[in-house]
Amino acid sequence: MAAPAIRLNDGATIPQLGLGVFQVPARETARVVAEALAIGYRHVDTAQMYGNEAGVGEAVAASGLARDEVFVTTKLNNGNHRPDDARRSFARSLETLGLDHVDLFLIHWPRARQDPDGYVAAWRVLEELARDGRARSIGVCNHDPALLDKLLTRAKVVPAVNQIELHPYFPQAEMRAIDTSHGIVTQAWSPIGGSGGGGGMRARGRTLLAEPVLVDLGEKYGRSPAQIALRWHVQHGVSPIPKSVRPERIVENLQVFDFELDPDDMAAIDGLDSGVRGGSAPDAFNA
Ligand code: NDP
């Protein structure tokens with residue numbers, strides 16, 4: 001079982017589906033990532049903020065896989081946007097991961113209170129890291145159209161990836177179209193609704209994986225609601241990074257490349273858009 005690779009705008013490739021490790025406790029991370037690598041995952045998404053880069057590195061080292069067979073992403077913490085902080089923290093990430101390069105380095109959150117536009121200066125450091133090869137690809141997270149526009153007017157390198165909250169209750173059609181127009185791959189965080197059950201919809205008594213449209217389609221295709229949601233991402237050309245600590249779900253979440261949703265069913269899932277996000281708005285301050 002393996003996720004197919006999709007091409008980034010810098011010529012690199014990324015396995016379309018990866019394992020997210022947000023909220024995976026540090027002491028469990030090596031076990032969880034090892035299980036994922038053993039069953040065929042080749043893409044892991046961590047962050048300085050998650051406090052579990054060491055476990056990711058440990059599992060990659062123990063896997064027996066060649067370094068270029070595993071795609072590792074980490075992210076610049078919100079308080080580290082100043083250029084010297086960005087350089088120092090990136091070096092620390094490599095050390096903690098036990099790697100000499102990462103495959104993708106992302107700005108985790110655009111707006112930090114101490115310097116609202118500091119993400120643009122941080123981007124210059126990511127451009128340096130891409131030039132010297134320690135970050136093979138670079139990208140951003142949580143950019144809305146205005147933030148991306150501002151970055152692009154000052155950037156030398158167009159981000160390879162924009163990782164945003166994206167699931168059937170918050171499908172981000174506009175942002176996806178803008179990303180595509182720049183050759184940017186959109187990655188989906190909380191692709192199956194997150195631990196909150198589907199963004200702001202939980203407050204309305206609905207959770208994504210209990211959503212009747214997904215449950216009914218699951219019956220039609222003989223798949224779980226999570227697999228239906230993940231397949232919807234895949235068919236939209238999005239790169240989802242579902243998180244699980246449970247072996248059976250880690251397996252289930254990768255088994256989405258051997259069936260196809262009909263156009264009408266894709267449209268039915270598109271129709272679940274609630275306009276309600278679960279996380280903060282991208283232009284809100286974080287840290
Ligand atoms: P997900 O949409 O991946 O949902 C994870 C939740 O769903 C967990 O509670 C998990 O529980 C459960 N789950 C996993 N698989 C299944 C399944 N097959 N059936 C039922 N339940 C399941 O949300 P996340 O918010 O974790 O997002 C995924 C990844 O995105 C993160 O891990 C992180 O890497 C990244 N992320 C990035 C952000 C950013 O700002 N750039 C913000 C948030 C996340 P269990 O573990 O018990 O299985």
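The values are calculated or read from the model by the stated rules, or taken from the named source; none is laboratory data. The structure presented is a predicted model; accordingly, all values stated were derived computationally and were not measured. Cβ: placed from backbone, ideal geometry, glycine included. Neighbour counts: every protein chain shown. Heavy atoms of the whole protein, side chains included, go into the accessibility calculation; ligands, DNA and RNA do not. Shrake-Rupley method; radii C 1.70, N 1.55, O 1.52, S 1.80 Å.
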Go through the stretch 234-279 and give me each residue that's assigned to a helix (DSSP H, G or I) and small (Gly, Ala, Ser). 267, 268
So residue 282 ticks every box in (1) near the ligand (Cβ under 10 Å from one of its atoms); (2) in a loop (DSSP other than H, G, I, E, B); (3) open to solvent by 20 Å² or more (accessible area, probe 1.4 Å) but one. Which box is left unticked? (3)
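Can you pull out every residue in the stretch 235-251 that is open to solvent by 20 Å² or more (accessible area, probe 1.4 Å) and either more than 9 Å from the ligand (Cβ to nearest atom) or out of contact with any Leu (no Cβ under 9 Å at 6 or more places or on another chain) (or both)?
The answer is 235, 236, 237, 245, 246, 247, 248, 249, 251.
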Give the number of residues within the stretch 253-277 that are under 18 Å from the mean Cα position of the chain (by Cα) and open to solvent by less than 50 Å² (accessible area, probe 1.4 Å). 3
Scan the stretch 165-180 for residues that are more than 18 Å from residue 8 (Cβ to Cβ), touching a residue at least 40 places away in the same chain (Cβ under 8 Å) and open to solvent by 30 Å² or more (accessible area, probe 1.4 Å) and jot them down. 173
Yes or no: residue 38 modelled with pLDDT under 95, outside any strand (DSSP E or B) and surrounded by fewer than 18 Cβ atoms within 10 Å (Cβ to Cβ)? no
Considering residues of the stretch 50-106 that are under 29 Å from residue 4 (Cα atoms) and of a type in the set (Lys, Arg) only, the residue surrounded by the most Cβ atoms within 10 Å (Cβ to Cβ): 75
For the condition touching a residue at least 24 places away in the same chain (Cβ under 8 Å) and within 11 Å of the ligand (Cβ to nearest atom), what is the one hit in 72, 24? 24
Is it true that some residue in the stretch 126-141 is within 22 Å of residue 282 (Cβ to Cβ) and surrounded by fewer than 20 Cβ atoms within 10 Å (Cβ to Cβ)? yes
Run residue 180 past the list (1) at pLDDT 95 or above; (2) under 19 Å from residue 108 (Cβ atoms) and report the number of the one that doesn't hold. (2)
